Amino acid sequence: MRQSTARSTQNWMDRERADRARLYPDEVRVAADLYGSIAAGRRENLERVVAQARARGREPQVCLYALSIDGQVPRASLDAAANYAERQSWHVGPKQSYTDPNGATAPKGRPGWGLLREQIRAGFAEGVVVITAAVVSCRIDDYRRELGWFEEHRRFVALVASEIIRGRA
């Protein structure tokens, strides 16, 4: 398992930035993308797992995961994830779509996410496809923990809408 390079303590640059923000409140600032800091590691792991599956002569098997709102089946999200998997030449098995109600629960506390992890742990899938990182968790620590779990099990998380969109300011 790769160790995270993200810092949890402030250095002199962080303190200087905070001082400048306090002294010049009207100055325009761009907030850092917390998910972007771990995008490269997630992508690297995805490519490694996919390459290993293809080296064994098979296309990666994936599960789909989405959050539902007001009890509605998130058909658009699941369809977008399935289309993404198809474009990548990945196979989505029958009954390999999982959903949970949208809420503040950590990923480990969600029944659908738990079933998905059981499928991954049992070796029925190499990865999971979700729309965005926030579907896994809106909390960066939970998201990082889940990515670590997938990497530890030599599996991946694929995002339809990646953390970083190149070419945009």
Candidates 79, 70, 14; GNM for the chain (alpha-carbon contacts under 10 Å) flags as most fluctuating 14
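Within 10 Å, count the other beta carbons around each residue, average over each peptide in 71-78, 50-57, 21-28, 132-139, and list them highest first. List each step's numbers first, then the result.
Values: 71-78: 14.1, 50-57: 11.9, 21-28: 7.8, 132-139: 18.4.
Result, highest mean first: 132-139, 71-78, 50-57, 21-28.
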Rounded to the nearest 10 degrees, the helix 111-121 long axis (Cα) sits at an angle to the longest Cα principal axis of the chain of 70 degrees
Given a Förster distance of 22 Å, the FRET efficiency implied by the Cβ-Cβ spacing of residue 122 and residue 88, rounded to the nearest 0.05, works out to 0.50
Extend 7 Å from the Cα of residue 47 along its Cα-to-C-beta direction; within the range 82-99, residues with backbone N under 18 Å of that point are 88-90
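For an R0 of 30 angstrom, estimate the FRET efficiency from the Cβ-Cβ distance between residue 108 and residue 24 and round to the nearest 0.05.
Numbers: r = 42 Å, r/R0 = 1.39.
FRET efficiency, residue 108 to residue 24: 0.10.
Antiparallel versus total DSSP beta bridges in the chain: what percent is that, nearest 5? Before the final figure, lay out each step's value.
Working: 0 of 14 bridges.
Looking only at bridges with both residues in the chain, the antiparallel portion is about 0 percent.
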Rounded to the nearest whole number, the per residue volume of the convex hull around the C-alpha atoms of the range 37-169 in Å³ is 119 Å³
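Percent relative contact order of the chain, based on C-alpha pairs within less than 8 angstrom and at least six residues apart?
Working: 205 pairs, mean separation 45.0, N = 169.
Here the relative contact order equals 27 percent.
None of the figures in this text is laboratory data; all of them are computed from the coordinates on show. Computed from a predicted model, the values in this text were never measured in an experiment. Cβ coordinates were reconstructed from backbone atoms using ideal geometry, including for glycine residues, and neighbour counts include every protein chain displayed.
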